[in-house]
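**Q** Provided herewith is a single structure, encoded as structure tokens, for subsequent inquiry.
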């Protein structure tokens, strides 16, 4: 029987992929996919931002408003893991422009929507477009990253957060004066995104043709049952933490404007400035999160982003308008600093499953936040917006559960162990065939 020779984890990882050196970072593709992420998420985030317009123009209850957010979140969440699983097995470069075409159709339909059911259908189309984009967008950023995975994920995710932050201002400048017909302008935004995605898809296709086939199934069969159980627990805990963060984000982006109107009597126009501040600060936090996680550890940053924002979240419903501006910036930066970090952490749990992991973290957990929106809408109808904001302020305290996640050191050990097993089996099979 031929002996099995092992080498260092770093060597093994490179050997399996057929490359001795880490590939260079392709910044033009990273910035292009980040731009598309900005355009995609600015369109998607317009939906909760126009809730006050929908409520007044169509006479909806808070519960009905909650169902609109549920519709877009749920379609995106259910399909993202499905798309991710499919594209992990069969990467599809042109999934990107196809998804954005669905978004374009949704915004076109929303511009001419005259009933609640048409609104629901249009936001579902936008949700499906988002579901198609995120797993493949995350894969593109992973492929273009070279050796800088954390930075690449931050560049990709900051585009999305920046797009979300623009939604309140677009509501202020477009939807308040034009009503739902303002959606017609976003068909042009979607068209620009499709053009950029076609450029990215051509690069993606060339990279796929040049990439060697990876032997992944062996590792999945050699992971011991106890380790597999630990990984499943960790991913479930991570999804729960992202769900809590998404629920708080849904409360802020969907209902905080109503809270300001009911509590302080300010106009919806002015309330959009507060939402913009929160989301813009979140974009800054997302960009800073990657480098900070590289320095202090991913699990530590996830813990800090949740519990670090908790005191400010608890204060927010009880302060003056002037202090609300300040606290929203602080909460946005701290809470969303872990946005890209959670994706990279999950990818470390499941190496080689970029699309599926992206679908789980940015899709399933995001959709669970949509379920939270329905609950919040019901609570706003029964308890009032002030009481709901006070209750939501406690959500970041769930961050204490972060300590149940495996440490960065433990994750690295698991990854190295899997790499060694795969390389040893690969080398043995190669020698046996000779």
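Throughout, read-outs are computed from the coordinates displayed, never taken from laboratory work. These numbers were taken from a predicted model, which means no experiment stands behind them. Because the Cβ atoms are built from the backbone with ideal geometry, glycine has one as well, and the counts that use them run over all protein chains shown.
**Q** Test of understanding: ordering 204, 62 by Cβ neighbours within 10 Å, fewest first, what list do you get? If you can, show how the numbers build up before the last one.
**A** On the way: 204 24, 62 21.
Least crowded to most crowded, the residues run 62, 204.
**Q** Measure nothing but the geometry: give the 0 to 90° angle between the long axis through the Cα atoms of 408-433 and the longest principal axis through the Cα atoms of the chain, rounded to 10°.
**A** It is inclined by approximately 40 degrees.
**Q** Another question, then. Summing -39500 (n - 2.57) over the DSSP H runs of n ≥ 4 in the chain and dividing by its residue number, what mean residue ellipticity at 222 nm do you reach, to the nearest 500 deg cm²/dmol? Display every interim value, and only then the final one.
**A** On the way: 19 runs with 337 residues, N = 434.
The helix-only estimate for the chain comes to -26000 deg cm²/dmol at 222 nm.
**Q** So what are the three principal axis dimensions of the stretch 103-251 from its Cα atoms, in whole Å, longest to shortest?
**A** Here the spans come out as 59, 38, 28 Å, largest first.
**Q** How much length would be gained if the chain were fully extended between residue 273 and residue 178, taking 0.36 nm per residue of separation minus their Cα-Cα distance, in nm to one decimal? Kindly include the intermediate steps, with their values, before the conclusion.
**A** Working: separation 95, 0.36 × 95 = 34.20 nm, distance 1.84 nm.
Gain on stretching residue 273 to residue 178: 32.4 nm.
**Q** Given the stretch 266-327 reduced to its alpha-carbon atoms as identical point scatterers, what log10 I(q)/I(0) does the Debye formula return at q = 0.18, 0.19, 0.28, 0.30 Å⁻¹?
**A** Taken in order of the listed q values, log10 I(q)/I(0) reads -0.76, -0.82, -1.19, -1.24.
**Q** Under 10 Å, Cα contacts only: if you run a Gaussian network model on the chain, which one of 390, 413, 136 comes out with the highest mean-square fluctuation?
**A** Looking only at 390, 413, 136, the largest GNM fluctuation is found for 413.
**Q** Treating the angle as unsigned and between 0 and 90°, give the value, to the nearest 10°, between the Cα long axis of helix 268-296 and the longest Cα principal axis of the chain.
**A** Value to nearest ten degrees: 20.
**Q** Could you give the angle, 0 to 90 degrees to the nearest 10, between helix 185-210's Cα long axis and the longest principal axis of the Cα atoms of the chain?
**A** Compared with the principal axis, the helix lies near 0 degrees.
**Q** Exposure proxy check: 67, 173 ranked by fewest other beta carbons within 10 Å?
**A** Details: 67 20, 173 14.
Placing the least packed residue first, the sequence is 173, 67.
**Q** Which option, [x] 20.2; [y] 37.8; [z] 39.9, is the value of mean projected area of the Cα convex hull in nm² that was calculated from these coordinates?
**A** [x]
**Q** How do 409, 139, 148, 227 line up, fewest other C-beta atoms within 10 Å first? Could the numbers behind the result be given before it?
**A** On the way: 409 10, 139 24, 148 18, 227 13.
Neighbour counts put them in this order, fewest first: 409, 227, 148, 139.
**Q** Select from 272, 209, 164 the residue whose mean-square fluctuation is largest in a Gaussian network model of the chain (Cα-Cα springs shorter than 10 Å).
**A** Maximum fluctuation in the GNM of the chain, among the listed residues, is at 209.
**Q** Further question: Can you work out the FRET efficiency for the pair residue 397 and residue 121, with r the C-beta to C-beta distance and R0 = 56 Å, to the nearest 0.05?
**A** Details: r = 38 Å, r/R0 = 0.67.
Computed FRET efficiency for residue 397 and residue 121 comes out at 0.90.
**Q** With contacts defined as alpha carbon pairs under 8 Å and 6 or more residues apart, what's the relative contact order of the chain in percent? Please report the intermediate quantities before stating the final value.
**A** Details: 752 pairs, mean separation 127.6, N = 434.
Relative contact order, the chain: 29 percent.
**Q** Compute from the Cα atoms of the stretch 227-381 the Rg and the Dmax, the latter being the longest Cα-Cα distance, and quote both in angstrom.
**A** Rg then Dmax for the stretch 227-381, in Å: 16.4, 55.
**Q** So, one more: Measure out, as a whole number of angstrom, how far apart the alpha-carbon centroids of the stretch 236-312 and the stretch 104-176 sit.
**A** Rounded to whole Å, the Cα centres lie 18 Å apart.
**Q** Per the Debye formula with a single identical scatterer at each Cα and no solvent contribution, what log10 I(q)/I(0) holds for the stretch 108-171 at q = 0.12, 0.14 Å⁻¹?
**A** -0.46, -0.58
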